[in-house]
Amino acid sequence: MPSSGSFLRQLSGKEGWKSTSRRWEGNNKYNNVGENISDGFEASLAQMEGLNVYGNGVDNGLVIRKRVMVVVDQSSHSKHAMMWALTHVANKGDLLTLLNVVSPSQKSSELSSSSSSSSSSSSYLANSLGSLCKACKPEVEVEALVIQGPKLATVMSQVKKLEVSVLVLGQKRPSPFLNCLCGSSGTDEFVEQCINSADCLTIGVKKQSKGVGGYLISTRRQKNFWLLA
């Protein structure tokens with residue numbers, strides 16, 4: 001299913017995780033935090049967050065663009081966030097980075113026997129999602145990273161290392177009844193930690209039910225903003 005144009009880079013400090021890479025190339029240049037967000041809601045959101053918003057332009061012959069990162073996994077809410085970022089945040093010439101973080105919690109004795117299957121599964125997921133994004137919006141460049149490590153620390157380090165402009169994270173659909181019984185989920189806590197810690201515009205995305213429609217958007221300053229589109 002993965003296309004030859006997809007890009008996968010696997011990074012890990014442990015043996016058994018080999019790096020491979022494929023990527024759509026372009027003669028472009030990245031902006032830092034506070035760059036062009038798609039017109040309409042996204043531009044207003046960036047301004048509310050205290051960021052400057054610039055349109056894609058040219059600097060010394062290089063097209064200025066931004067890097068949008070989405071944390072992805074097997075869950076449906078991460079895939080919803082990925083598609084929302086692709087349609088609402090990423091513009092022509094931008095780079096969409098899909099980050100899949102693999103837990104390092106396995107014991108060393110278990111790691112050797114399961115690393116091959118884990119690597120294969122993560123590679124397939126990253127390539128499949130990358131191919132889907134490229135098929136849906138060919139004008140956006142796509143790359144996928146598979147990294148083994150602590151989830152929060154890995155996301156924060158990659159945001160800084162790659163100079164990410166916008167970080168997008170999926171959140172589970174809200175359930176008032178379960179929230180009253182169990183409180184916030186681990187996913188929600190992770191998203192809040194990223195929103196409060198990341199050195200870029202960070203957006204939590206929840207897809208509403210079919211009966212309601214739209215998305216709930218959360219940032220450092222705005223919580224559960226209902227976006228109907």
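The values are calculated or read from the model by the stated rules, or taken from the named source; none is laboratory data. Computed from a prediction, not measured in an experiment: that's the story for all the values here. For neighbour counting, all protein chains shown are included, and Cβ atoms are generated from backbone atoms with ideal geometry for every residue, glycine included.
Tally up the residues in the range 148-169 that are hydrophobic (A, V, I, L, M, F, W, C) and surrounded by 21 or more Cβ atoms within 10 Å (Cβ to Cβ), please. Of the residues in the range 148-169, 7 are hydrophobic (A, V, I, L, M, F, W, C) and surrounded by 21 or more Cβ atoms within 10 Å (Cβ to Cβ).
Against the numbered list (1) closer than 23 Å to residue 195 by Cβ; (2) modelled with pLDDT of 95 or more; (3) not in a helix (DSSP H, G or I), residue 142 comes up short only at (1). Scanning the range 181-207 for residues that are at pLDDT 85 or above and out of contact with any strand residue (DSSP E or B) (no Cβ under 6 Å at 6 or more places or on another chain) returns 188, 189, 190, 192, 193, 196, 197, 199. Evaluate the following for residue 70: is it closer than 24 Å to residue 225 by Cα and modelled with pLDDT of 95 or more? So residue 70 fits the description; yes.
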